[in-house]
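The values are calculated or read from the model by the stated rules, or taken from the named source; none is laboratory data. It should be emphasised that the depicted structure is a prediction, and the values quoted were computed from it without experimental measurement. Cβ: placed from backbone, ideal geometry, glycine included. Neighbour counts: every protein chain shown.
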């Protein structure tokens, strides 16, 4: 089920990228990046954004839960069409951060980061809406897609991992638990 | 390349096409059933809250394929954009054997008597092409009954004083209520309303060789893991195939209805799964592709005798596209509601479906189906920020303590809300795609606001401490899984596309049988009515069939 996170497959993809025979799946990152699509710097900026959208409290935040992994995997999958939006969007966030505070977004304090994000939300920045939706998907959606590590999104709401009941015998027809 | 001639070719193996294929095959006609999608497989039955027919942010298991089937959607401001099937606004209906009946929530409603005579009940509504059906509830009653028994319905509508008269009760008892249903039922009774158990196309006890529902709440958007949900894919279509008279061809994409020099239908040209262009000739053609694709197929079938497309002599094909407008109210409770147990939507009332003062129509009201955590993310109240610590805390506090109720508001058909062929964009097979444009009628918003006020009363009586509502506006055309109206049924060929037997007015061997023919779409989920109309129309075809019949 976790085929996408198969290390063997990753090695193959990296080899393919290195050999210059990359198909559309692997128009990927520079070789020093741990990500499929993002560069290391992009991954860092994305992680910092995600972790303010769903920050840690008693429960871990979006970064720990795998938001960047989710987005990165899906940018090589169903969300492929948003690749350019991420490349430009993350660069723009860093650009705004540098011009306002003199350093990259990931290096800012949480308050400064929130200030920038609130400004983006207020300006109806489409990239903000995009990364917000994807962060929420990563935290509250099915773990099989790369986020929601250890089912933390579900567990924080007090609900179990998605059951696969059809494969075991349950008789729940008698009334409420 | 042409294939062995048959009596009937049915395009689309969904709610209607499956029923028609089975009725005709059982009567001894030879039938080819074409379906653009594949058979649904058990692999796709898995529960995935990001990849299903309702929440398709990571795609959808039952299609249609994103790469091959774009549409052009014109929004309320008149801006046209290319939309893929899994994206919002596409007005998608599943592409697989069974179509929407594989992944629907499976409410099995009969329309009320007023739903068939909206115009004579409420009078003309300015700006709307509102009209009565040429047939009434009593014409369909026996076919509703047949659909209920052949497909399989559970529930208990006996406490509903507003329902149309019915000869038999429901086939299977309702499932036991979950906590949410009990709370809502008691509250509605205290208000003097008339709550009852939603009729569901779902086994509450073993039926038809399949087991009972296991109460997992995941009906909508997903296929049933234990095959307890009833669609055409696990009832009538297997029965059609078992007669030996029906052949189903999957992954076949119809491109045109072929006509002869006299203008009569002679078959269907389609691309098979290896992209070969084939011709299936038949004595009659039945179009059951749902409102958007049925209209598109008729419009694509231009010939010397039918220069504007089949059935389109008076420019009615593709018009009056409708779905349902869904206002919803969520309420926050002090006690825990969530018990992780189906039925999800289980309790309903029809007190405000019709006869609301000053309003044309109303809605059946019911509690919401499964709300996945991600769906709830987008439905948090306006006083909660959309992100950050407060949003996260609200998710935790509220998820297990909220109830959402709402209902499908009957729409006022609009002449300019329509399906056309896009002049530029073509699909994978090179066929012009559907272009959908228009807006909803403002009166629908008024009715929706009224329904919201009743939902708020219901939730507050049930103990909600705070409520928040969402009311859809008028921008953009409607449709979705409840799509209807584009090939209106009527007695006058100048103001409708098919006659009362779903027969295209000027092509006697061409039928449109699906939600397209609904002049109005009721204030209920339409699947059961689509099935009943299919039984009714198929009965007419069989009774008037003068050709040979093979023994089955």
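Take the residues of segment B:385-396 that are under 27 Å from residue B:187 (Cβ atoms) and crowded, with 16+ Cβ neighbours inside 10 Å: which is nearest to the other protein chains (Cβ to nearest Cβ)? Lay out the reasoning, then the answer.
Residues of segment B:385-396 that are under 27 Å from residue B:187 (Cβ atoms), as a first pass: B:394-396.
Still in the running and crowded, with 16+ Cβ neighbours inside 10 Å: B:394-395.
Numbers: B:394: 11, B:395: 6 Å.
Here the residue is B:395.
Out of B:244, B:309, report the one residue that is at positive phi and in contact (Cβ under 8 Å) with a residue 12 or more places away in the chain. Can you show your working first?
Details: B:309 fails: in contact (Cβ under 8 Å) with a residue 12 or more places away in the chain.
Testing whether each residue is at positive phi and in contact (Cβ under 8 Å) with a residue 12 or more places away in the chain leaves just B:244.
Which of the residues that make up segment B:55-86 are within 14 Å of another protein chain (Cβ to nearest Cβ), assigned to a strand (DSSP E or B) and within 28 Å of residue B:369 (Cα to Cα)?
Matches in segment B:55-86: B:57, B:59, B:83.
Quickly run through segment B:28-50 and pick out the residues that are within 12 Å of another protein chain (Cβ to nearest Cβ), under 10 Å from residue B:222 (Cβ atoms) and out of contact with any helix residue (DSSP H, G or I) (no Cβ under 8 Å at 6 or more places or on another chain). Spell out how you get there, then give the answer.
Quick first cut of segment B:28-50, residues within 12 Å of another protein chain (Cβ to nearest Cβ) only: B:42-43, B:45-50.
Applying the additional criterion that residues be under 10 Å from residue B:222 (Cβ atoms) yields B:45-49.
Within segment B:28-50, B:46, B:47 meet the criteria.
Filtering segment B:196-212 down to residues that are touching a strand residue (DSSP E or B) at 6+ places or on another chain (Cβ under 8 Å) and surrounded by fewer than 24 Cβ atoms within 10 Å (Cβ to Cβ), which residue is farthest from the other protein chains (Cβ to nearest Cβ)? Steps first, answer last, please.
Keep residues of segment B:196-212 that are touching a strand residue (DSSP E or B) at 6+ places or on another chain (Cβ under 8 Å), which gives B:196-205, B:207.
So of that shortlist, the ones also surrounded by fewer than 24 Cβ atoms within 10 Å (Cβ to Cβ) come out as B:196, B:205, B:207.
Details: B:196: 19, B:205: 8, B:207: 13 Å.
The selected residue is B:196.
Check whether at least one residue in segment B:333-346 is touching a strand residue (DSSP E or B) at 6+ places or on another chain (Cβ under 9 Å), in contact (Cβ under 8 Å) with a residue 60 or more places away in the chain and either part of a strand (DSSP E or B) or at positive phi (or both), and report yes or no.
no
Going by what's in this entry, would residue A:68 be described as over 23 Å from residue B:58 (Cα atoms), part of a helix (DSSP H, G or I) and away from chain B (no Cβ under 14 Å)? Can you show your working first?
Working: over 23 Å from residue B:58 (Cα atoms): no; part of a helix (DSSP H, G or I): yes; away from chain B (no Cβ under 14 Å): yes.
So residue A:68 fails the test.
Any chance segment B:516-527 includes a residue that's without any contact (Cβ under 8 Å) to a residue 24 or more places away in the chain and not in a helix (DSSP H, G or I)? Write out each step before concluding.
Step one: list which residues in segment B:516-527 are without any contact (Cβ under 8 Å) to a residue 24 or more places away in the chain, which gives none.
Within segment B:516-527, not a single residue is without any contact (Cβ under 8 Å) to a residue 24 or more places away in the chain and not in a helix (DSSP H, G or I).
Of the numbered conditions (1) within 20 Å of the chain's Cα centre (by Cα); (2) modelled with pLDDT under 95; (3) within 8 Å of chain B (Cβ to nearest Cβ), residue A:166 fails exactly one; give the number of that condition.
(1)
Name the residues in segment B:358-385 that are touching a helix residue (DSSP H, G or I) at 6+ places or on another chain (Cβ under 7 Å) and outside any helix (DSSP H, G or I), would you? Walk me through it before giving the result.
Start the filter on segment B:358-385 by keeping residues that are touching a helix residue (DSSP H, G or I) at 6+ places or on another chain (Cβ under 7 Å), which leaves B:359-363, B:365, B:367, B:373-374, B:376-377, B:380, B:384-385.
Hits for segment B:358-385 are B:359, B:360, B:361, B:362, B:363, B:365, B:367, B:380, B:384, B:385.
Take the residues of segment B:172-185 that are under 18 Å from residue B:368 (Cβ atoms) and out of contact with any strand residue (DSSP E or B) (no Cβ under 8 Å at 6 or more places or on another chain): which is farthest from the other protein chains (Cβ to nearest Cβ)?
Looking at residues that are under 18 Å from residue B:368 (Cβ atoms) and out of contact with any strand residue (DSSP E or B) (no Cβ under 8 Å at 6 or more places or on another chain), I get B:182.
Just to verify a result, which residue in segment A:98-111, among those that are assigned to a helix (DSSP H, G or I) and in contact (Cβ under 8 Å) with a residue 12 or more places away in the chain, is farthest from residue B:386 (Cα to Cα)? Walk me through how you get there before you give the answer.
Keep residues of segment A:98-111 that are assigned to a helix (DSSP H, G or I), which gives A:98-101, A:105-107, A:110-111.
With in contact (Cβ under 8 Å) with a residue 12 or more places away in the chain added as a condition, the list becomes A:100, A:105-106, A:110.
Values: A:100: 24, A:105: 21, A:106: 21, A:110: 17 Å.
Among those residues, the one meeting the criterion is A:100.
One line per residue, one yes/no per condition, for (1) away from every other protein chain (no Cβ under 14 Å); (2) in a helix (DSSP H, G or I); (3) without any contact (Cβ under 8 Å) to a residue 24 or more places away in the chain:
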residue	(1), (2), (3)
A:90	yes, yes, no
A:95	yes, yes, yes
A:114	no, yes, no
A:118	no, yes, yes
A:138	no, yes, no
A:161	no, no, yes
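Which of the residues that make up segment A:54-65 are within 12 Å of chain B (Cβ to nearest Cβ) and under 13 Å from residue A:135 (Cα atoms)? Even if it seems obvious, please write down each step before you answer.
Kept after step one, since they are within 12 Å of chain B (Cβ to nearest Cβ), are these residues of segment A:54-65: A:54-62, A:65.
Answer for segment A:54-65, where residues must be within 12 Å of chain B (Cβ to nearest Cβ) and under 13 Å from residue A:135 (Cα atoms): A:54, A:55, A:61, A:62, A:65.
Go through (1) within 14 Å of chain B (Cβ to nearest Cβ); (2) closer than 22 Å to residue B:391 by Cβ; (3) in contact (Cβ under 8 Å) with a residue 12 or more places away in the chain; (4) part of a helix (DSSP H, G or I) for residue A:151 and report which single condition fails.
Here residue A:151 clears every test but (3).
Matching residues to (1) closer than 29 Å to residue B:251 by Cα; (2) out of contact with any helix residue (DSSP H, G or I) (no Cβ under 7 Å at 6 or more places or on another chain); (3) surrounded by fewer than 22 Cβ atoms within 10 Å (Cβ to Cβ):
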| position | (1), (2), (3) |
| --- | --- |
| B:290 | yes, no, no |
| B:303 | yes, yes, yes |
| B:325 | no, no, no |
| B:329 | no, no, no |
| B:344 | no, yes, no |
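Do we have residue B:501 as assigned to a helix (DSSP H, G or I), in contact with a helix residue (DSSP H, G or I) (Cβ under 8 Å, 6 or more places away or on another chain) and modelled with pLDDT of 95 or more here?
Values: assigned to a helix (DSSP H, G or I): no; in contact with a helix residue (DSSP H, G or I) (Cβ under 8 Å, 6 or more places away or on another chain): yes; modelled with pLDDT of 95 or more: yes.
So residue B:501 fails the test.
Please verify whether residue B:379 is surrounded by fewer than 23 Cβ atoms within 10 Å (Cβ to Cβ) and either in contact (Cβ under 8 Å) with a residue 24 or more places away in the chain or more than 30 Å from residue B:308 (Cβ to Cβ) (or both), treating the condition exactly as stated.
Details: surrounded by fewer than 23 Cβ atoms within 10 Å (Cβ to Cβ): yes; either in contact (Cβ under 8 Å) with a residue 24 or more places away in the chain or more than 30 Å from residue B:308 (Cβ to Cβ) (or both): yes.
Yes.
Restricting attention to segment B:126-150, which residues are in a loop (DSSP other than H, G, I, E, B), more than 15 Å from residue B:164 (Cα to Cα) and in contact with a helix residue (DSSP H, G or I) (Cβ under 6 Å, 6 or more places away or on another chain)? Walk me through it before giving the result.
The initial filter retains those residues of segment B:126-150 that are in a loop (DSSP other than H, G, I, E, B), namely B:126-136.
If we keep only those that are more than 15 Å from residue B:164 (Cα to Cα) too, we end up with B:126-134.
B:130, B:131, B:132, B:133 - these are the residues of segment B:126-150 that are in a loop (DSSP other than H, G, I, E, B), more than 15 Å from residue B:164 (Cα to Cα) and in contact with a helix residue (DSSP H, G or I) (Cβ under 6 Å, 6 or more places away or on another chain).
Does segment B:397-444 hold any residues that are more than 14 Å from chain A (Cβ to nearest Cβ) and assigned to a helix (DSSP H, G or I), and which are they? Explain how you work it out, then say what you get.
To start, the set of residues in segment B:397-444 that are more than 14 Å from chain A (Cβ to nearest Cβ) comprises B:403-444.
The answer is B:442, B:443, B:444.
Can you name every residue in segment B:1-32 that is outside any helix (DSSP H, G or I), more than 18 Å from the chain's Cα centre (by Cα) and within 22 Å of residue B:149 (Cα to Cα)?
Within segment B:1-32, B:27, B:28 meet the criteria.
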